Every structure is written in C-alpha cells, then in structure tokens.
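A short worksheet on the structure shown next.
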Amino acid sequence: MKKITSILIILLSITYSFSQPAWTYTNTGVSHTILAQGTIPVTINGVQISVGDYVGVFYDLNSGGLACGGYSQWTGSQISLFAYGTQSGMNNGFAQNEEFKWKIWRVADQSEWDAEATYSAGMPNQSHFFVGGYSNLTLLLVYSEIEISYNNTNISCYGDSSGVINITVMTGLPPFNFIWSNGATSEDLNNLPMDTYYLTVIDFASQILIDTFELTQPAT
C-alpha cells in the first residue's frame, strides 16, 4: 500500500512597517550645520511631532524634483543636522546659497509632509546653504489648506430666531480667526433669523477660506 503524505503549506500575509523614511543622502565632505532645540514647535496641522519622527532638508535636482541632502531623527532634545553640499560638476547636494526645503516623516502613519521653516537671526546663516555655515531652526510647520465641515439648523417657525450654524475646522494651521457677515467672531452662531451668512476663516499661516450659509424658514 502506498503511503501518501499530505503537506499543508500555509502562506502568511506579512504587513511590513518601516520605522524610518526611505531618504538617502551623500556625505560629500562639505556641509552646513543646522541646529534645532527640542522645545521648538515642529508640528503637523498644529500637532507637535513625536520623538522618533524625522526631519530632513532637500535640494533641487537638475532633472526635476527633490533629493535629500541630510536628515535627523527627532529626539525631543537638541539635534544637529548636516546639510551636505554638492561636489564639483555633480548634483549630489546643495549648491552654494541654495535654499533649504524641509520635509517631516511621521512614523505613526509612515507619511511624508512638506514643511515651512523659520530661523534664528542670531546665527551666521539662516535659510540658505553655505559651506561651513550654521543655522538654527526656530519653527518647522506643516499645514494643509483650510477645510471645514458644518451643520445648519434652520429656524423652527416663521419669523423667529432659532437658527444655528455649527462649524468644525478640520485642517489648516491653528489658531483660527472667524469673521461673520453679521459681525460675530465666534466659531459657531446661535439664535439666528432667516438670512444668508458669509464666513471668512483665517489661519495662523494667513490662509483664507470664505464660505456661505443660508438659513431658511419652514414652508407655510
């Protein structure tokens, strides 16, 4: 009698997660030092990044797009990041006086964000690469365009003032200023008569959103 051995092969589906970005750079031997204190705001839509996230500086490629010129992991304490300059006749780093372009990589969801930086005027250099230069970050911000959601409650009966407009700002850079056509400056409005209301929202990055809301009355 022939013996048959059945072999069951179980294929496991493995989800890979990465604890650091796929950024690479070339140590060209010429660099610019950028310092950042652990207490400065480094935020994504108003939320401070976490220890273990990454910040990086990027330069322009001649062929288009950006390449990493140096990066560092965020530790919550002072970090020193080296931005590397290009070698003669190559495009493998920053050119002299080229502006730094920043990105943040968030470990939690493995997402990459373009960021805007400000620098200390007390250091020899600020936002541009110089061989042997020194800069000090004071702010690194990521912000999306302002988006809002809302819920309107129309007036309950003819001629009354029971209308409500509730606003929720979902993206943008807080804090936000609210300017309503009726002179109100609060986020939400209550006790409103039937009318059309115009809202202007301005965020910390001076982005502006304008929207219109109409409250109606019950049909008679």
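The values are calculated or read from the model by the stated rules, or taken from the named source; none is laboratory data. Quantities reported herein were computed from a predicted structural model and do not represent experimental measurements. Cβ atoms come from the backbone with ideal geometry, glycine included; neighbour counts cover every protein chain shown. Accessible surface areas use protein heavy atoms only, side chains included; no ligands, DNA or RNA. Shrake-Rupley method; radii C 1.70, N 1.55, O 1.52, S 1.80 Å.
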Among the candidates Glu214, Glu187, residue that is touching a strand residue (DSSP E or B) at 6+ places or on another chain (Cβ under 9 Å), among the charged types (D, E, K, R) and not in a strand (DSSP E or B): Glu187
Considering residues of the range 201-216 that are modelled with pLDDT under 95 and under 30 Å from Leu140 (Cβ atoms) only, the residue most open to solvent (accessible area, probe 1.4 Å): Phe204
Residues within the range 126-150 that are among the β-branched types (Val, Ile, Thr) and farther than 20 Å from Phe204 by Cβ, tallied: 1
Positions within the range 30-62 being touching a strand residue (DSSP E or B) at 6+ places or on another chain (Cβ under 9 Å), in a loop (DSSP other than H, G, I, E, B) and open to solvent by 70 Å² or more (accessible area, probe 1.4 Å), in sequence order: Gln37, Val51
Inter-residue pairs, beta-carbon under 7 Å, first more than 16 Å from Glu99 (Cβ to Cβ) and in the range 111-128, second hydrophobic (A, V, I, L, M, F, W, C) and open to solvent by less than 60 Å² (accessible area, probe 1.4 Å), 6+ apart: Glu112/Trp105; Trp113/Ile44; Trp113/Ile104; Trp113/Val142
Subset of the range 160-177 that is without any contact (Cβ under 8 Å) to a residue 40 or more places away in the chain and closer than 30 Å to Val142 by Cβ - its residue that is nearest to the chain's Cα centre (by Cα): Met170
Hey, Tyr134 at negative phi, in contact with a His (Cβ under 9 Å, 6 or more places away or on another chain) and of a type outside the set (A, V, I, L, M) or not: yes
Where Leu66 falls short, out of the listed (1) aliphatic (A, V, I, L, M); (2) open to solvent by less than 40 Å² (accessible area, probe 1.4 Å); (3) over 20 Å from Leu35 (Cα atoms): (2)
Test: residue in the range 188-200 that is at pLDDT below 95 and over 19 Å from Val164 (Cβ atoms): no
Flag for Trp180 being at pLDDT 95 or above, under 14 Å from the mean Cα position of the chain (by Cα) and aromatic (Phe, Trp, Tyr): no
Tally, over the range 70-89, of residues that are under 21 Å from the mean Cα position of the chain (by Cα), under 12 Å from Val57 (Cβ atoms) and open to solvent by 30 Å² or more (accessible area, probe 1.4 Å): 1
